[in-house]
Amino acid sequence: MELSWRDKRDKASRRLFYGLFFLLPLTVVFGHRGLAPWLLLASLPAFARGDFWQAAFGKLFDNPSLKDPKFAGFTAILFFCFWIFVSGFWSPKHQFDLALYVLAPVLVGGSVTWYALNLSRVWAWRLGRAFLLAIVGGMIVLALEGVSGGALRGLFPPHEPDRTRDTIALARGVTALTPALFPAAAIAVRLWSKPAAILVLLLGLVAAALNDVTANVVAILIGFGATMVALMAPRLSLRFAGWGAIALLLGFPIAASFIPIETIYAFFNDQVSGETQMALASMLHRLAIWKATAIESISGMPFGHGADYARIWKETAPMVAVPGMPTLVSVSPNHPHNVFIQVWLELGVPGIAALLLFFYYGLKTLLRAGLSKAVSAAAVGAFAAVLASVIVEGSLWQVWRMAAMALAASGVAFLHSLEKR
């Protein structure tokens with residue numbers, strides 16, 4: 001019997017997903033930035049379906065109302081992207097294109113998530129398993145790369161005597177997969193067992209530790225703690241995660257402006273050994289970055305200094321002597337290493353308000369969705385890991401980080417499909 005066009009389309013879509021999940025471990029090893037085009041390819045099955053356009057946009061705009069949290073949240077993130085574009089008019093280098101750095105992952109990631117939510121029972125299991133194996137495979141390869149000093153990356157040019165770039169790239173690969181660990185672990189419970197889920201998380205922790213970025217280890221531990229709490233109180237944990245993000249957006253930049261840098265640095269210079277200073281130098285530098293950026297953001301209110309201002313400010317920003325660092329360093333590297341402070345600095349009150357509303361209506365949407373305990377826990381764990389990462393090292397203009405969030409969201413959607421089936 002000859003297959004219909006729709007059957008052929010669906011068969012090709014599933015094969016595409018299998019191929020992409022097979023390639024995911026190699027993508028994060030050889031180029032974490034490749035996660036963004038990977039996500040774009042993963043969105044094609046949704047874009048090829050007419051019911052996607054009807055469900056994702058038709059129903060949303062048939063009777064638009066801000067009382068609908070999905071529509072209100074979508075409107076908030078669209079305005080956020082629009083404001084990024086508008087801020088380009090007074091940004092020092094007129095970075096209009098940066099709006100797409102946020103808008104594209106939102107639309108593409110949303111389409112992949114929609115597809116994962118609309119699978120048949122059989123394909124929810126098959127693609128859920130493929131997602132789990134892709135995350136596990138990625139962490140295994142990253143762990144082996146950490147042990148071998150980047151043996152796979154060393155097979156291909158450029159061959160540099162200093163392997164610093166390889167080390168950083170592998171650590172970023174772990175960062176890209178870390179939020180997805182939590183839906184993967186929850187899927188492992190459904191497909192295998194609870195001990196298997198613990199092994200998935202431990203594997204991620206090993207890969208993070210072997211690739212030498214403390215922020216990844218911290219993100220996994222915080223995500224694990226949040227997951228455990230969410231298993232006991234799922235709805236309360238969702239509320240805490242949503243309102244916690246709002247509190248961080250509003251409060252972190254204010255708190256950062258009061259960091260007693262001089263006192264902290266004097267203590268480390270007088271009381272702490274040189275080796276300890278060197279080990280903590282990166283974090284000590286971040287404290288100076290956060291304070292200086294938070295103070296600088298005040299002069300740009302109410303509309304912000306414009307998209308990518310931090311990169312331009314680097315040329316004239318003050319220098320600081322950080323304990324453990326041999327030379328003076330700028331208080332404004334390419335970005336503030338904190339997304340919330342970056343929003344204050346570059347996008348001002350409109351950007352803050354739009355992101356706040358997106359968090360608020362996103363929380364309302366999840367609370368109305370009637371998520372199971374497992375899905376709530378996976379969502380809270382992934383979100384906590386994301387927050388831990390964007391607070392200490394993230395930038396709004398790193399598309400691969402946005403893609404990592406979308407990958408985790410699709411994992412939660414696969415899990416939700418498994419649960420409801």
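Between GLY306 and LEU347, the built amide H atoms are under 5 Å apart, and every one of these is 5 or more places off in sequence or on another chain.
Ranking TRP192, GLY306, PRO253 by Cα position along the charge dipole of the chain, where only Lys, Arg, Asp and Glu carry charges on their C-beta atoms, puts TRP192 farthest toward the positive end.
Could you please state how large a percent of the accessible area of the chain is carbon and sulfur, counting protein chains only and using a 1.4 Å probe? Kindly include the intermediate steps, with their values, before the conclusion.
Working: 13190 of 19280 Å².
Percent of accessible area from carbon and sulfur atoms in the chain: 68.
About its Cα centre, the dipole of the chain is roughly 1780 debye, where the only charges are +1 on Lys and Arg Cβ and -1 on Asp and Glu Cβ. In a fully extended conformation the segment linking TRP243 and THR164 would gain 24.6 nm over its present Cα-Cα distance, using 0.36 nm per residue. A full extension of the chain between VAL329 and SER299 corresponds to an added length of 8.6 nm, given 0.36 nm per residue minus the alpha carbon distance.
When nucleic acids and ligands are ignored and a 1.4 Å probe is applied, MET278 ends up with an accessible area of around 130 Å². The phi-based Karplus calculation (6.51 cos²θ - 1.76 cosθ + 1.60; θ = phi - 60°) puts the 3J(HN,Hα) values of the range 385-396 at 5, 4, 4, 4, 6, 6, 6, 10, 8, x, 9, 5 Hz, whole numbers, x for Gly and Pro.
From the protein chains alone at 1.4 Å, what is the descending order of accessible area for SER332, SER65, largest first? Write out the running numbers ahead of the final one.
Details: SER332 5, SER65 45 Å².
The ordering from most to least exposed comes out as SER65, SER332.
As an exercise, use a Förster radius of 45 Å and the Cβ-Cβ distance of VAL272 and ILE140 to find the FRET efficiency, rounded to the nearest 0.05. E between VAL272 and ILE140, to the nearest 0.05, is 0.75.
Taking the average, over residues, of other Cβ atoms within 10 Å as the packing measure, peptides 39-47, 215-223 rank 215-223, 39-47 from highest down.
Would you tally the net charge around ALA310, using a Cβ to Cβ cut-off of less than 15 Å, leaving ALA310 out, and scoring K and R as +1, D and E as -1? Spell out each step's value before the answer.
On the way: positive: LYS93, ARG286, LYS291, ARG311, LYS314; negative: GLU296, ASP308, GLU315, GLU346, GLU393.
Spelling it out: positives minus negatives among the neighbours equals 0.
Heavy-atom accessible area, probed at 1.4 angstrom with all protein chains present, ranks TRP125, TRP192 as TRP192, TRP125, highest first.
What net charge do the residues around PHE358 carry, taking every other residue with its C-beta under 12 Å from that of PHE358, with Lys and Arg at +1 and Asp and Glu at -1?
Once positives and negatives cancel, what remains is +2.
Does anyone have the angle between helix 164-177 and the longest principal axis of the chain? Alpha-carbon axes, 0 to 90°, nearest 10? Compared with the principal axis, the helix lies near 50 degrees.
In the complete set of protein chains, residue-level accessible area for THR113 is approximately 30 Å², probe 1.4 angstrom.
At 0.36 nm per residue, minus the direct Cα-Cα distance, what do LEU152 and ASP51 gain on full extension? Give it in nm, one decimal, please. Residue separation times 0.36 nm, minus the Cα-Cα distance, leaves 32.2 nm. In this calculation the C-beta distance from ILE259 to ARG15 is compared with R0 = 60 Å, giving a FRET efficiency of 0.70. Principal-axis analysis of the Cα atoms of the chain puts helix 181-191 at an angle of about 30° to the longest axis.
With angles folded into 0 to 90 degrees, how steeply does helix 121-148 sit against the dominant principal axis of the chain? Use alpha carbons for both and round to 10. Relative to the chain, helix 121-148 is tipped by roughly 30 degrees. Just checking the listed ones, LEU66, LEU78, LEU387: in the Gaussian network model of the chain with Cα springs under 10 Å, the one fluctuating most is LEU66. Packing here is the average count of other Cβ atoms within 10 Å per residue, and on that basis the peptides 49-58, 127-136, 291-300, 140-149, highest first, run 127-136, 291-300, 140-149, 49-58.
Given the DSSP H assignment, sum -39500 (n - 2.57) over each helix run of at least 4 residues in the chain and divide by its residue total; what's the result at 222 nm in deg cm²/dmol, nearest 500?
Computed ellipticity for the chain at 222 nm equals -25000 deg cm²/dmol.
Most tightly packed first, judged by the mean number of other beta-carbon atoms within 10 Å of their residues, the peptides 10-18, 351-359 read 351-359, 10-18.
The values are calculated or read from the model by the stated rules, or taken from the named source; none is laboratory data. Note that the structure is a prediction, hence the values are computed from the model and not measured. All Cβ positions, glycine included, derive from the backbone under ideal geometry; neighbour counts span all protein chains shown. Keep in mind that these areas ignore ligands, DNA and RNA; they rest on the heavy atoms of the full protein, side chains included. Shrake-Rupley method; radii C 1.70, N 1.55, O 1.52, S 1.80 Å.
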